[in-house]
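Report on one structure; see the data block that follows.
Every number in this text was worked out from the coordinates using simple rules, so none of it is lab data. Please read these numbers as outputs of a predicted model, since none were measured by experiment. Counting neighbours? That spans all protein chains shown, and the Cβs are built from the backbone with ideal geometry, glycine included.
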Amino acid sequence: MICVKCAIVPIKWAAMKRSTVKKIVDAMRKRLEQILGSSPTTLPSAYQEIYARLSKGLEGKVDDATLQRAVNSAAMLAIWTEAERALKDKPEPSPEQLKKTLEEIEALDFASMLRASVQRISRKLPPFPRGKSPSLTLQQQQQVLTEVRQLTDKRGFSRKKAYESVAAKYGVHWRTIQNFCVRAEKREET
């Protein structure tokens, strides 16, 4: 009697052929070029283009189009190198599967996928820190309010002159004093 377990031979699939990987990557590249514009033809030329455009930016000679082109080149480079890496370990598809894959690539909207990815990533980032902390303590803020009221009511200063005078005393910008006063007035109204 033959042992059934010993007779089972693991089936190993053939890795995807280079020509199949190239077809799929070329289809992705073509679709990306329709959306983002022309792409460098080889990896070294992509690296050179990204470097050239970014170094232009570092020299201060950059405009939005140059930066956009560098970002597009980097995105295309990342997508097609990742596709090549991921596909080489996959099994060879049947001709029907390959045809279906190429049609799906042609219908893909990479722009919306990229936007969705950026939004997903941005949600994971920490929020912006709160605004600048007040430059005056609460006690100083109360004194500022009192002084501004005295200058406007008793001495007849215009509001701006009062703000400037008090700001000079405390070493802050007059808008800082104005912001304290406006916020205090709003709190008193409610």
Notebook entry, point to check: So how much slack lies between residue 137 and residue 185, counting 0.36 nm per residue of separation and subtracting their Cα-Cα distance, in nm?
Noted result: 15.5 nm
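When 170, 163, 51 are ordered from fewest to most other Cβ atoms inside 10 Å of their Cβ, what list results? Write down the numbers at each step before the final one.
On the way: 170 16, 163 25, 51 12.
Ascending number of Cβ neighbours within 10 Å: 51, 170, 163.
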Item checked: Backbone HN-Hα couplings from phi across the range 153-164 [Karplus 6.51/-1.76/1.60, Hz, Gly and Pro as x] -> 7, 8, 9, x, 5, 5, 4, 4, 4, 5, 4, 5
Note to self: Please rank 180, 128, 157, fewest neighbouring Cβ atoms within 10 Å first, as an exposure proxy.
What the structure shows: 128, 157, 180
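Among 72-80, 96-104, 144-152, how do they line up from the highest to the lowest mean number of other beta-carbon atoms within 10 Å? Please report the intermediate quantities before stating the final value.
Numbers: 72-80: 18.7, 96-104: 12.2, 144-152: 16.7.
With the highest mean Cβ count within 10 Å placed first, the list reads 72-80, 144-152, 96-104.
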Notebook entry, point to check: Where the centre of each part is set by its Cα atoms, how far does the range 90-108 sit from the range 118-139, in angstrom?
Noted result: 46
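Among 121, 177, rank each residue by its count of other Cβ atoms within 10 Å, from fewest to most, as a rough exposure measure. Let's see the in-between values first.
Working: 121 9, 177 27.
Listing 121, 177 from fewest to most nearby Cβ atoms yields 121, 177.
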Next item on the list: Amide H neighbours of residue 90 under 5 Å, at least 5 residues apart or on other chains, H built in the peptide plane: list them.
Entry: 16
Next item on the list: Tell me the label-point distance for the pair residue 146, residue 33, using the 7 Å Cα-to-Cβ offset, in nm and rounded to one decimal.
Entry: 7.6
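Can you work out D for the range 138-189 in µm² s⁻¹ from Stokes-Einstein, where Rh is the Kirkwood radius over C-alpha pairs, the temperature is 10 °C and the viscosity is 1.306 mPa s?
Numbers: Rh = 10.7 Å.
Translational diffusion coefficient: 148 µm²/s.
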Item checked: Residue-by-residue Karplus 3J(HN,Hα) for the range 173-190, coefficients 6.51, -1.76, 1.60, Hz, glycine and proline x -> 6, 5, 5, 4, 5, 4, 4, 4, 5, 5, 4, 5, 5, 5, 5, 5, 5, 8
